[in-house]
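Heads up: the structure comes next, in structure tokens.
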Amino acid sequence: MSRSGGELSPALRLGLFGVGLAGVFGLAVAVGPVVVPSDAVTAWAQRAEHDGPHGSAGDEASESHSHPSPDEVPGLSLDADGYRLDGLHAPGETGDPGELGFRILDVHDDPVTDFDLTHERPLHLIVVRSDGAQFRHVHPELGADGVWSIPWDWDAAGGYRLFADFRPAGHDRTLTLTTTTTVNGVLSATDAPTPGERVVQAGPYTVELSGDPVAGTEAELEFTVRQDGRPVTAIEPYLGAAGHLVMLRVGDLGYLHAHPLDEADTVGTTDLGPVIRFAATPPTAGDYLVYVDFRVAGQVHTAAFTVVATPGEAEAEPHAESGDHAESGDHAAGH
């Protein structure tokens, strides 16, 4: 049974699962897989919209990005620049393999079939559960009818966000459009990135994160790949670089474009590493989910983190309307 993004409640468009989901995750760990009805999934999402990403409506971190401006980051809308994501279809429950598909429509509602390559692909599809778990980065095939499709099945129930990242031929920028879907069935314990962890496992490799993002400032993030304590120097180019990075803002899952810093050095190179570097500019302070893909021996692995972007100078300065900062009109005019 297929689910369309247009049929879903607004809660699933912006929220995490919140406290209700965490409670059921605990049950799943204790007693094994359970079957979750669709009304339960919807209830969790509705509660998450009210409570915020940390389960408390009064949490200051939650308030800081519970109502973001759509212009701050891409990936918060079905449409942009006259292009629209339409016709999502996918299996409706776990254990029901089928096809995931959708179209990109232009301002005339005609399917778009001509795309420029970005990072060696005409379109990148990112799929992640609303709690940050079950991350996938895949590349569907484009049919002559304008439908992007890929064989698909779901490993776990929940509400999911899907991001289509692409550039229409001749367009002046890359677009990221998003939609949502709900999956019923077997619920698994979350594998969402744990806040504060700087060393995580990705298949047989450990990946260590260095660097601290700052809101409004381009920061360098470095990922060092090791196996059994030894640096891995056989990383292969992936999507035109040593790796590919996706950042999602916790709370609304706003999608950030991050740029590989060693892209030019990968041309004609087969042995890279152990360090993979990216530049990223978080728009606001707070928590971000970070997923870095890299390839060794033909297999892609993903390391997942949660990082905290500290306030930038503009956010750190008080916006006083009285007192010393507001006394001199000449001083204000000078800036």
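The values are calculated or read from the model by the stated rules, or taken from the named source; none is laboratory data. From a predicted model like this one, the values you see are computed outputs, not experimental measurements. Note: ideal-geometry Cβ built from the backbone for every residue, glycine included; neighbour counts use all protein chains shown. Calculation scope for accessible area: heavy atoms of the full protein, side chains included, ligands and nucleic acids excluded. Shrake-Rupley method; radii C 1.70, N 1.55, O 1.52, S 1.80 Å.
The strands (runs of 3 or more DSSP E) located wholly in the range 275-314 that include 3 or more residues which are open to solvent by 30 Å² or more (accessible area, probe 1.4 Å) occupy 299-309.
Within the range 153-194, if we keep just the residues that are among the aromatic types (Phe, Trp, Tyr) and closer than 26 Å to Asp106 by Cα, the residue that is farthest from the chain's Cα centre (by Cα) turns out to be Phe166. For Val186, the requirement of being open to solvent by 10 Å² or more (accessible area, probe 1.4 Å), part of a strand (DSSP E or B) and among the hydrophobic types (A, V, I, L, M, F, W, C) is met. If you go through the range 281-302 and keep only what is of a type in the set (Gly, Ala, Ser) and more than 15 Å from the chain's Cα centre (by Cα), you end up with Ala285, Ala297, Gly298.
What are the residues in the range 134-172 that are crowded, with 21+ Cβ neighbours inside 10 Å, over 18 Å from Gly92 (Cα atoms) and not aromatic (Phe, Trp, Tyr), if any? Hits for the range 134-172 are Pro140, Ala164, Asp165. One residue stands out among those in the range 234-256 that are over 16 Å from the mean Cα position of the chain (by Cα) and within 21 Å of Ala279 (Cα to Cα): the one that is modelled with the lowest pLDDT, which is Gly240.
If you scan the range 94-117, which residues turn out to be of a type in the set (Asp, Glu) and either buried (at least 19 other Cβ atoms within 10 Å of the Cβ) or assigned to a loop (DSSP other than H, G, I, E, B) (or both)? Within the range 94-117, Asp96, Asp106, Asp109, Asp110, Asp114 meet the criteria.
Where strands (runs of 3 or more DSSP E) fall entirely within the range 189-231, those with at least 2 residues that are open to solvent by less than 60 Å² (accessible area, probe 1.4 Å) and more than 18 Å from Ala258 (Cα to Cα) are at 199-202, 205-210.
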